[in-house]
1. Taking the stated definitions as given, is Thr39 touching a residue at least 60 places away in the same chain (Cβ under 8 Å), within 25 Å of the chain's Cα centre (by Cα) and under 15 Å from Ser111 (Cβ atoms)?
2. Among the helices (runs of 4 or more DSSP H) lying completely within the range 127-242, list those that include at least 2 residues that are open to solvent by 60 Å² or more (accessible area, probe 1.4 Å) and either without any contact (Cβ under 8 Å) to a residue 40 or more places away in the chain or within 21 Å of Gly395 (Cα to Cα) (or both).
3. From the list Ile268, Ile194, Ile237, Ile188, exactly one residue is at pLDDT below 95 and among the hydrophobic types (A, V, I, L, M, F, W, C). Which is it?
4. Given the residues Leu302, Leu306, Leu318, Leu310, which is the only one that is open to solvent by less than 30 Å² (accessible area, probe 1.4 Å), assigned to a helix (DSSP H, G or I) and touching a Cys at 6+ places or on another chain (Cβ under 9 Å)?
5. Go through the range 278-297 and give me each residue that's open to solvent by 50 Å² or more (accessible area, probe 1.4 Å) and either within 25 Å of the chain's Cα centre (by Cα) or under 17 Å from Ala317 (Cβ atoms) (or both).
6. Considering each residue of the range 393-420, count those that are at pLDDT 95 or above, of a type in the set (Val, Ile, Thr) and part of a helix (DSSP H, G or I), and give that number.
7. Conditions: (1) of a type in the set (A, V, I, L, M); (2) assigned to a helix (DSSP H, G or I); (3) surrounded by 15 or more Cβ atoms within 10 Å (Cβ to Cβ). Ala368 meets all but one. Number of the miss?
8. Suppose we keep only residues that are in contact with a strand residue (DSSP E or B) (Cβ under 8 Å, 6 or more places away or on another chain) and closer than 18 Å to Leu425 by Cα within the range 111-126. Which one would you say is most open to solvent (accessible area, probe 1.4 Å)?
Amino acid sequence: MSPQRAYCAIDFGTSNSAVALPAPGGAAVELVALEDGFTGMPTAVFYAVEGLAVHQQPQRLYGRAAIAAYVEGTEGRLMRSMKSILGSSLVERSTEVGGGHSVRYLDVIGSYLRHLKAKAEARAGSVIDRVVLGRPVFFVDDEPERDAAAQDAMARVAREAGFTDVQFQYEPIAAAFHHEQTAQHEQIVLVADIGGGTSDFSVVRIGPGRRRRLDRRDDILANHGVHVAGTDFDRRIELQYILPLAGHGALGPARADGGAPREVPSGIYFDLATWHLINTCYTPARVLEWRGMRDWYADERLHARLMTILTQRLGHALAACAEEAKIAVSGVPAAPIDLAMVEAGLATLLREPQAMDAIAADRERIVAAAREALQQAGLQPGRLDAMYFTGGSTGLQSLIDAIAAVAPNAATVRGDRFASVATGLGVHARRVFEGTAA
């Protein structure tokens, strides 16, 4: 790669990430095979501390290797959904990873970015110091100062990872650029990027006559989004259909005074269903506190299951069960959920109507955001030519149908759920760093 082409584009996602490079031979861009031939890699870091002395640094594993180490029971800490930390109060804090070691949350993100950078450099055969990073329309809903602080933190981490020139582009805008590569005529498109952490919408004017323009600001008619997406769906399903089997929403024993039984405190269950808070449930003090709360439960089996989850550190495994059930139930009557890890023979079913009911409020917020994007663009639904769907959570057909109903006459186009944004970011990177339209 020549010095002027020493750049890449990174789609740093809540659930999965990808990297694009300018392709050899004049092609637009190529996605880097990050592991085992896959161009998409789970956004996950595992800090392995098994057998380490306090003065030894944990080994870091990434992507599928990180998840495999966690599933296999290697001693350490799995970090996922790191993107959700940006804009939160956790951003400057540290967290324990086991064996007496701790790490800053921002350093977890920086480590992951350095890993992606190294993979890109190995493919390019050159040091890469320029990058276009994708970002959601809003890191934080309705709080501009915190949103700006989140992007500033991401830029700082990218510079610490070795990038000297850091540019940003909205993820749905990037998806529009990808869609435009094959557009045969000019059209106005609502891009719906429904990922793991955010649901983002952009109204963009695209077409063959526009793709060579370097300045596309006039073609971006509106951006809007909400901080609700796939991980929120998983959380709702886990809270409503998995964690009740371990006492969420349970009542205590009958009271001697005849009053209504008290409900078991819910805080521990909400934290168990929130990726970046799961490990806070395993602290010795918290486990000891809940071990002493057996008398709060009318059914002691529920308390026993909760203690198994806490002592065996099964929170992430349960979250994965919720995610798998959400995916499996799309288009089928019911999906089984095997919870034998908690108790032999324990299982439940997630029925499609239950899943849709669990995410109904989130779905309405997402649909409302699509309507708001059209209103901000000053468009009546009938003026929209197409809806372009991308992002991992667009696998839920009921969600796609609900969004499509906002403009029923617009064509529905499905992009690559996991590659459209990264490819579009790569197209944008060529425009920014080479001054040419891909």
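1. Here the answer is no, as Thr39 does not meet what is asked.
2. Fully inside the range 127-242 and qualifying: 144-160, 230-241.
3. Ile194
4. Leu310
5. Within the range 278-297, just Thr280 meets the criteria.
6. Number satisfying all stated conditions: 1.
7. Ala368 satisfies every listed condition except (3).
8. Here the residue is Arg123.
The values are calculated or read from the model by the stated rules, or taken from the named source; none is laboratory data. Treat the numbers as computed from the prediction; the structure is a model and nothing was measured. Note: ideal-geometry Cβ built from the backbone for every residue, glycine included; neighbour counts use all protein chains shown. These accessible areas exclude ligands, DNA and RNA; they are computed on the full protein's heavy atoms, side chains included. Shrake-Rupley method; radii C 1.70, N 1.55, O 1.52, S 1.80 Å.
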